[in-house]
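Single-structure report; data block below.
The values are calculated or read from the model by the stated rules, or taken from the named source; none is laboratory data. Here the structure is a predicted model, which is why all the values come from computation and not from measurement. Cβ coordinates were reconstructed from backbone atoms using ideal geometry, including for glycine residues, and neighbour counts include every protein chain displayed. For accessibility, only protein heavy atoms count, side chains too; no ligands or nucleic acids. Shrake-Rupley method; radii C 1.70, N 1.55, O 1.52, S 1.80 Å.
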Amino acid sequence: MFCYDLVFFRYPIKKDKYMRSILTVLALVWGCLVFGQDDINQVDANGKKQGHWQKKYKNGKLRYSGQFKDDMPIGIFKRYSNEGKLSSTLQYTLGTTSVVAQLFHENGKILADGNYISQKKDSVWKFYSKNGLLFSEGNYKGGVLNGEYKEFYKNGQIHFHKFYKSGVEDGALKEYYKNGNVRSKKTYNCLLY
């Protein structure tokens, strides 16, 4: 007996062959779902972390999730607070010590963004208030302020504009009123400290 009522077949096939095909496909899909699960927290023969890794807090909430290759983090790592809220995303590039970071307040709004090199702040970092307003912006090198630094009022106007050298104030400092007018000026020389 032939089955002609199947719209997606343009030629006749036997019902029992059709049923065997359907059962074979279902068995393959089931096998992939059951046995093809992403193995997590795996190490290779040399004891190096490989693939997807997760760690959880004692309360069962996810602490972090990310990928490893040869014991080195790669791609995006997501870290969470012990309440389960996203606290940071870290973008790793294999073969470098550079990490692009975004840190978050408990309310989910961005707290800071910038780069780490060798686990120390580097380049421009921006910090934000809990309601998402830019609070400060500064250049870092080796984990300390080095270069231009600004703090802002809630209205977006600059409050302080100053410079740092190796974590110490150095050079011109200007303080501003909320309307943008200069309030005071000072000059620091880090060699005197």
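Quick look at the numbers
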| quantity | calculated |
| --- | --- |
| For K162: the one exception among (1) assigned to a strand (DSSP E or B); (2) of a type in the set (K, R); (3) open to solvent by 40 Å² or more (accessible area, probe 1.4 Å) | (3) |
| Flag if Y116 is touching a Cys at 6+ places or on another chain (Cβ under 9 Å) and in a strand (DSSP E or B) | no |
| Residues located in segment 167-192, provided they are out of contact with any strand residue (DSSP E or B) (no Cβ under 6 Å at 6 or more places or on another chain), assigned to a loop (DSSP other than H, G, I, E, B) and open to solvent by 40 Å² or more (accessible area, probe 1.4 Å) | K178, N179, N181, N189 |
| Subset of segment 134-147 (residues that are of a type outside the set (S, T, Y), open to solvent by less than 40 Å² (accessible area, probe 1.4 Å) and part of a strand (DSSP E or B)) | G138, L145, G147 |
| Verdict on K58 being at pLDDT 95 or above, part of a loop (DSSP other than H, G, I, E, B), open to solvent by 80 Å² or more (accessible area, probe 1.4 Å) and under 28 Å from D44 (Cα atoms) | yes |
| Cross-chain or 6+ apart pairs with Cβ under 6 Å, segment 110-138 first and touching a residue at least 24 places away in the same chain (Cβ under 8 Å) and closer than 18 Å to G156 by Cβ, then of a type in the set (S, T, Y) and part of a strand (DSSP E or B) | G138/Y149 |
| Filter pass, K126 being open to solvent by 40 Å² or more (accessible area, probe 1.4 Å), farther than 30 Å from A172 by Cα and assigned to a strand (DSSP E or B) | no |
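Condition check ((1) more than 30 Å from Q67 (Cβ to Cβ); (2) among the aromatic types (F, W, Y)) across all residues:
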residue: L103; (1), (2): no, no
residue: K109; (1), (2): no, no
residue: S118; (1), (2): no, no
residue: S129; (1), (2): yes, no
residue: F135; (1), (2): yes, yes
residue: Y149; (1), (2): yes, yes
residue: N155; (1), (2): yes, no
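Results for (1) closer than 30 Å to Q50 by Cβ; (2) open to solvent by less than 40 Å² (accessible area, probe 1.4 Å), shown as yes or no for each residue.
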residue	(1), (2)
D71	yes, no
I76	yes, no
S81	yes, yes
K85	yes, no
T89	yes, yes
V100	yes, no
G114	yes, yes
K121	yes, no
Y149	no, yes
